[in-house]
Each structure stands twice: as C-alpha cells, then as structure tokens.
C-alpha cells in the first residue's frame with residue numbers, strides 16, 4: 001500500500017523510524033528491535049539509509065523483514081549525496097524487486113570522509129530519477145521547520161521544497177523539532193507558498209543529553225528554554241532523563257493532534273521501550289480522533 005493512501009485514509013496517523021546497524025554483528029539485534037516496534041502496530045515504519053549507502057544492504061534486509069514477517073507497510077530511505085546514478089538505479093531495482101511502493105528520497109548526510117559524487121546536487125534530482133524509473137512510486141521528502149542549515153534564508157528553503165514537490169514528492173516529513181510553535185509557523189509558510197501535500201511532524205524523544213547534542217549539531221534545530229531546563233535538571237540521571245524525554249515528546253504529540261495536525265512520525269532511535277511508552281501515552285488520543 002502506498003503511504004500517501006494511508007495518510008489520506010485516516011484522521012490521524014502515527015509512524016516510527018528505525019535505522020540499520022553499521023556492522024553485520026548487530027544486525028540481528030537491530031532487526032529484533034525493529035520487529036518489536038512493529039508489534040506496536042504503527043501505521044507504517046521507515047528505515048533509514050547510511051551516509052553514502054554504507055548500510056544499504058542492511059536497510060533492504062530490515063525493510064524486507066518488516067514487510068514480509070511483520071506485515072508492516074515500509075518506507076525505505078534512499079540518499080544521493082555521495083551516490084552515482086548507477087548505484088541509485090541498482091537500489092531502485094532492489095527496492096522494486098522486494099515489492100516496495102514507497103521511497104523516502106533524501107540528499108543525505110555528508111560521509112565522514114567527505115567524498116561527494118557530483119551526479120546529484122539536490123534531492124529534487126533524485127526524485128526525478130525515481131519518477132523516471134517508476135512513475136507510480138510514492139515518494140516522501142524531508143523538510144526543516146527551523147530552515148535548512150545550508151540555506152541562508154528560509155525563503156530559499158521553501159523554494160527548494162517547491163522544486164521537490166514539483167519533481168514528484170507526495171508528502172513531506174519534518175526534521176525533529178522541540179517547539180511546536182516553530183512547526184505551526186513553518187506549516188503556515190508552506191501553505192502560503194502553495195505547498196499543500198501532507199506534512200508529517202517529526203518528533204524525537206530525547207532520552208539522554210548525548211543524543212540531543214549530536215542531533216542539534218547535525219540539524220541546527222532550536223532547543224527551547226523549557227527543554228534546556230529538563231536536560232540541565234535530569235541529564236545526569238539516565239532513568240529520569242528517559243522518562244522526561246518520553247513525557248515531553250508525548251506532550252508535543254498531544255498538542256499537535258489537538259491543534260489539527262494529522263500525521264506524526266517518531267524517530268524511535270531503535271528503542272522499543274521508548275516507542276512503546278509513547279504509543280501507550282498517545283494511542284487513546286489517536287484512536288479517539290480516528291473513531292470520529
């Protein structure tokens with residue numbers, strides 16, 4: 001089933017993201033964690049793709065297992081920042097052979113060695129390649145409520161998003177954010193620019209301060225004073241910080257749904273316990289909305 005059809009068929013959707021391991025030694029653990037999250041019965045799951053495609057085999061492996069063994073609709077990621085067109089074409093053929101109808105098309109993170117292929121300069125070019133490969137493929141794209149770190153102005157970022165939509169993106173998923181007001185403002189700017197595809201609000205439960213530091217450094221996401229107070233107060237206690245992060249993320253989701261946001265995507269960090277806690281907190285809200 002195509003993700004866009006899932007998004008259009010429900011009042012509220014809740015999905016989870018998992019990532020593949022960097023080495024084969026922990027592939028089994030990663031797969032078990034993904035299956036445990038799938039057992040929570042989200043509307044779909046996404047599986048990320050390592051920088052430069054270094055974990056592409058594991059992406060396919062986990063995504064196929066989720067689809068065949070867990071009967072879960074899956075959105076595998078595909079990046080292009082350091083991929084050749086031949087590599088992308090090969091991955092598209094693998095995805096199609098595995099029966100996937102959905103792809104998350106991303107520029108991707110810069111590889112640690114700094115190696116960049118010039119076959120693609122923007123994610124919109126990857127979207128065009130996917131559409132040329134299979135025009136029926138459902139394609140997701142990324143967006144940044146705080147603005148893309150490589151764009152000098154937010155207006156430029158919105159223009160680039162419009163290019164991706166025009167190239168064939170069916171829906172957008174935001175980078176994580178911790179201030180819902182930032183998301184609401186971003187959504188208003190999208191609609192003003194004529195971008196009316198479904199937008200999934202990306203929520204990351206921060207369960208330790210190391211994750212927060214890495215995530216903010218990579219994305220440039222604004223951390224509100226309220227969240228800084230939580231990390232300052234509870235950051236030295238793993239259990240307290242985990243619970244505080246779960247509660248904060250759950251409150252974000254409830255506020256979003258209460259204000260008419262229909263689609264939530266949770267960056268689970270491969271933590272079934274965290275995903276289960278969030279699901280338990282927000283499931284009654286989601287079920288209530290979908291029963292109306």
So, first residue free of Cβ contacts under 8 Å to residues at least 60 places away in the same chain and at positive phi in region 161-174, second residue assigned to a strand (DSSP E or B) and surrounded by fewer than 20 Cβ atoms within 10 Å (Cβ to Cβ), Cβ within less than 8 Å, six or more apart or across chains; the pairs are none
Within region 173-192, is there a residue that is in a strand (DSSP E or B), surrounded by 20 or more Cβ atoms within 10 Å (Cβ to Cβ), in contact with a strand residue (DSSP E or B) (Cβ under 9 Å, 6 or more places away or on another chain) and modelled with pLDDT of 95 or more? yes
Quick check: is even one residue across region 36-59 at pLDDT 95 or above, out of contact with any helix residue (DSSP H, G or I) (no Cβ under 8 Å at 6 or more places or on another chain), surrounded by fewer than 23 Cβ atoms within 10 Å (Cβ to Cβ) and at positive phi? yes
If residue 99 satisfies all but one of (1) assigned to a loop (DSSP other than H, G, I, E, B); (2) at pLDDT 85 or above; (3) surrounded by 14 or more Cβ atoms within 10 Å (Cβ to Cβ), what's the number of the condition it fails? (3)
Given the residues 249, 240, 244, 201, which is the only one that is surrounded by 17 or more Cβ atoms within 10 Å (Cβ to Cβ), farther than 25 Å from residue 140 by Cβ and either modelled with pLDDT of 95 or more or touching a helix residue (DSSP H, G or I) at 6+ places or on another chain (Cβ under 7 Å) (or both)? 244
So residue 7 passes all but one of these: (1) in a loop (DSSP other than H, G, I, E, B); (2) within 19 Å of residue 285 (Cα to Cα). Which condition number does it fail? (1)
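Using the structure shown, decide if residue 115 is modelled with pLDDT under 95, touching a helix residue (DSSP H, G or I) at 6+ places or on another chain (Cβ under 9 Å) and crowded, with 17+ Cβ neighbours inside 10 Å.
On the way: modelled with pLDDT under 95: yes; touching a helix residue (DSSP H, G or I) at 6+ places or on another chain (Cβ under 9 Å): yes; crowded, with 17+ Cβ neighbours inside 10 Å: no.
Answer is no for this residue.
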Inspect all residues belonging to region 151-159 and state whether any of them is at pLDDT 85 or above, more than 16 Å from the chain's Cα centre (by Cα), closer than 26 Å to residue 4 by Cα and surrounded by fewer than 20 Cβ atoms within 10 Å (Cβ to Cβ). yes
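The values are calculated or read from the model by the stated rules, or taken from the named source; none is laboratory data. Note that the coordinates shown come from a computational prediction; the quantities given were computed from them, not determined experimentally. Cβ atoms come from the backbone with ideal geometry, glycine included; neighbour counts cover every protein chain shown.
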